1. Can you give me the % of accessible surface on the stretch 1-93 that is carbon or sulfur? Probe 1.4 Å, all protein chains present, nothing else counted.
2. Name the residue from 73, 44, 85 whose Cα lies farthest towards the positive end of the charge dipole of the stretch 33-86, charges +1 on Cβ of Lys and Arg and -1 on Cβ of Asp and Glu.
3. Under a no-solvent Debye model with one identical scatterer per Cα of the stretch 1-86, what's log10 I(q)/I(0) at q = 0.11, 0.17, 0.22, 0.25 Å⁻¹?
4. Can you give the accessible area of residue 23, probe radius 1.4 Å, in Å² rounded to 10?
5. With label points built 7 Å along Cα→Cβ from the Cα atoms of residue 77 and residue 26, find their separation and express it in nm.
Amino acid sequence: QTRQYRSPEAILGRSDWGAAVDVWSAACVVFELLTAEYLFEPQGQGTLFSKDDDHMAQIIELLGDLNPRTKNGGRYSRELFDSNGQLRYIKHLKPWPLPRVMRETLWERKFNIIFSCRRPKTHEYARADRPDPISTGPPPA
């Protein structure tokens, strides 16, 4: 899966994932189409944490903690989570629930831009001071 559309199951290296992973990816694409932004854009910080660590942190910030069944059993589960089920390398999360994400990315940013744009310059043929060729007829010869 493409990094920005990758599901928790894929990040954790689980082998038992099915159609739900495709639905996850499709939902990420729909979010991008609506907002022109990625829902998840993980960044690694050198030796501090990897893109997978950041990706899981962003998912948890958005949706809340994952259930233990999803967290465990993946090839990379122990690399990302400690024995208590907490992220191993990223300790301080800033919850950003989906309704707030939608409000801030889609409504506030996008619609403010649309409604704050200057009115486009009117083409000279649509100017109010120019005679309407239909009502006045053709110009004299």
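1. About 50 percent, which is the carbon plus sulfur part of the accessible surface.
2. The listed residue farthest towards the positive side: 73.
3. -0.29, -0.70, -1.14, -1.40
4. Surface open to solvent at residue 23 totals about 100 Å².
5. 2.8 nm
The values are calculated or read from the model by the stated rules, or taken from the named source; none is laboratory data. Since the model is a prediction, treat every value here as computed from it, not as a measurement. Backbone-built Cβ (ideal geometry, glycine too); neighbour counts: all protein chains shown. Surface areas here come from the heavy atoms of the whole protein model, side chains and all, with no ligands, DNA or RNA. Shrake-Rupley method; radii C 1.70, N 1.55, O 1.52, S 1.80 Å.
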